[in-house]
Amino acid sequence: MVRIVTGLLLLWWLLPAISQAEWLSEQADIMGTRISIELWHEDPTLGELAIADVLDEFKRLDEKLSPYKSDSELTLVNRMAAESAIDISSELFHLLQESHHYAELTGGAFDITFASIGHQYDYRTGEKPDQQRTRQTLPLVDYRHIELDPKRNTVRFLRKGVKIDLGGIAKGYAVDRGIALLRERAIEHALISAGGDSRLIGDHRGRPWHIGIQAPRKKQAMAAVLPLSNSAVSTSGDYERFFETDGVRYHHILSPKTGHSAKDVQSVTILGANALRTDALSTSIFVLGAEAGMALINRLDDVEAIIIDQHGELLTSSGLDNLD
Ligand code: ADP
Ligand code: MG
């Protein structure tokens, strides 16, 4: 008996050594983009569970925030909020408040009502609104048409025809949520990325993670590779979702002032502490363009930027001067 117990104890003691600590990774297509998760875990079974948790969280947020799903909370708001104030979840309310914050910070360059025009584009089929329709709908693009009541958690649109879309902030938020779930599981080395939005926990065990910035006009080539740990990084580019007609590139980042695709730069990469902030700012700086965009980033002391301008030139913010 004693011998059996000792044997069992010995086996139990050996278990952690048998189940090898290792890097685990998984990819999935959610929120219209490629989600990648990579993490280090002492116990691969627990590591796989952590990855499944993160993917479930992405699916939950996609169901809630997608403008394309007919029963998402966001679609409900788009359908009803011009009629009367709509009760919304505190999570969606929080995202609308964040969106308002970035609209104010960027002088309206970040504006989720871009969708009033944006939803008339289909970047896969090349469908776009004509000049007259763009002119007619442009007055609906203004974040001040969104009225938020923090006491009642309601949202109301002050104009008929206003539409919102969280495509410039939702992936960053989802990445932050995923990172929080991994932290709760005490994971110390991880990467979550959703298309152009990534965030890292720790380093790659003794060396930094390496995050590439896509060369905007060369498929499969990198314009730069950033050694990073414990941070968030987002890239917005005009090569992600676009079509070309008569030599004009129509892409998915719209200037709220003109109602047309923003033209001044090819890509913007923002480094910061969380992915909601880097996501919102990468879209915003893309709209603001190289000069005004870099000036804003240099005024904020917690973020840095790498901008590839319309000539393919790489520009860096003042905190990154030693990069080039
Ligand atoms: P992605 O990772 O999809 O490339 P980006 O961070 O580059 O995302 O943001 C682009 C998305 O932001 C668009 O697909 C659209 O949903 C949304 N968007 C476009 N223009 C604006 C704008 N002026 N303000 C806020 N969101 C915008
Ligand atoms: Mg963004």
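Given R0 = 25 Å, the distance between the Cβ atoms of Phe243 and Leu314 translates into a calculated FRET efficiency of 0.45.
What's the extension gain from Tyr123 to Leu46 if we count 0.36 nm per residue and subtract their Cα-Cα distance?
Numbers: separation 77, 0.36 × 77 = 27.72 nm, distance 3.98 nm.
Net length gain for the segment: 23.7 nm.
Averaging the sequence gap over all C-alpha pairs within less than 8 Å and six or more residues apart, then dividing by the number of residues, gives segment 66-157 a relative contact order of 36 percent. Between Met222 and Lys160, the contour length at 0.36 nm per residue exceeds the Cα-Cα span by 17.9 nm.
Taking the 1.4 Å solvent-accessible surface of the chain as the whole, the part contributed by carbon and sulfur is 51%.
Here Asp71 and Asn298 are evaluated by their C-beta separation; at R0 = 35 Å the FRET efficiency comes out at 0.20.
For segment 85-100, putting each phi into the Karplus relation 6.51 cos²θ - 1.76 cosθ + 1.60 with θ = phi - 60° gives couplings of 5, 10, 5, 10, 5, 5, 5, 5, 4, 4, 5, 5, 5, 4, 4, 5 Hz, in residue order, rounded to whole numbers and with x for Gly and Pro. Summing Lys and Arg as +1 and Asp and Glu as -1 over all other residues whose Cβ lies under 10 Å from the Cβ of Gly319 gives a net charge of -4.
Between the amide H of Gly289 and any residue lying 5 or more places away or on another chain, no distance stays under 5 Å, with hydrogens modeled in the peptide plane. Couplings for segment 50-67, taken from phi via the Karplus curve 6.51 cos²θ - 1.76 cosθ + 1.60 with θ = phi - 60°, read 4, 4, 4, 4, 5, 5, 4, 5, 4, 5, 4, 5, 4, 4, 7, 10, 5, x Hz in order; Gly and Pro are left as x.
Could you tell me which of rounded, prolate or oblate describes segment 66-157, using a ≥ b ≥ c as the square roots of the eigenvalues of the alpha-carbon gyration tensor, with rounded for a/c under 1.5 and, failing that, prolate when a/b is larger than b/c and oblate otherwise? Judged from the Cα gyration tensor, segment 66-157 comes out prolate (a/c at least 1.5, a/b above b/c).
Each of the peptides 308-317, 105-114 was scored by the mean count of other Cβ atoms within 10 Å over its residues; in descending order, highest first, they stand as 105-114, 308-317. Residues in the chain average 51 Å² of solvent-accessible surface per residue, probe 1.4 Å, ligands and nucleic acids excluded. Indicate the gyration tensor shape class of segment 258-324 (rounded, prolate or oblate), computed on the Cα atoms with a ≥ b ≥ c the square roots of the eigenvalues: a/c under 1.5 is rounded; otherwise a/b larger than b/c is prolate and the rest oblate. In terms of gyration-tensor shape, oblate. A protection proxy built from the mean count of other Cβ atoms within 10 Å ranks the segments 150-162, 223-235, most packed first, as 223-235, 150-162. For the chain, the relative contact order works out to 15 percent when only alpha carbon pairs closer than 8 Å and six or more residues apart are counted.
Taking a point 7 Å out from the Cα of Asp149 in the direction of its Cβ, the residues of segment 70-90 whose backbone N falls within less than 15 Å of it are 81-89.
Listed cross-link partners Lys128/Lys160; Lys160/Lys257; Lys160/Lys263; Lys59/Lys257; Lys160/Lys219; Lys128/Lys151 are compared with a 31 Å cut-off, the Cα-Cα value being larger for Lys59/Lys257; Lys160/Lys219; Lys128/Lys151. To the nearest 10, the accessible area of Asp246 is 150 Å² with a 1.4 Å probe. Remark: the chain carries a charge dipole of roughly 600 debye about the Cα centre, counting +1 on each Lys and Arg Cβ and -1 on each Asp and Glu Cβ.
The values are calculated or read from the model by the stated rules, or taken from the named source; none is laboratory data. Note that the structure is predicted; figures quoted are calculated from it, not measured. When we count neighbours, we look across all protein chains shown, and the Cβ atoms used for this are built from the backbone with ideal geometry, even at glycine. What goes into the accessible areas is simple: the full protein's heavy atoms, side chains included, and nothing from ligands, DNA or RNA. Shrake-Rupley method; radii C 1.70, N 1.55, O 1.52, S 1.80 Å.
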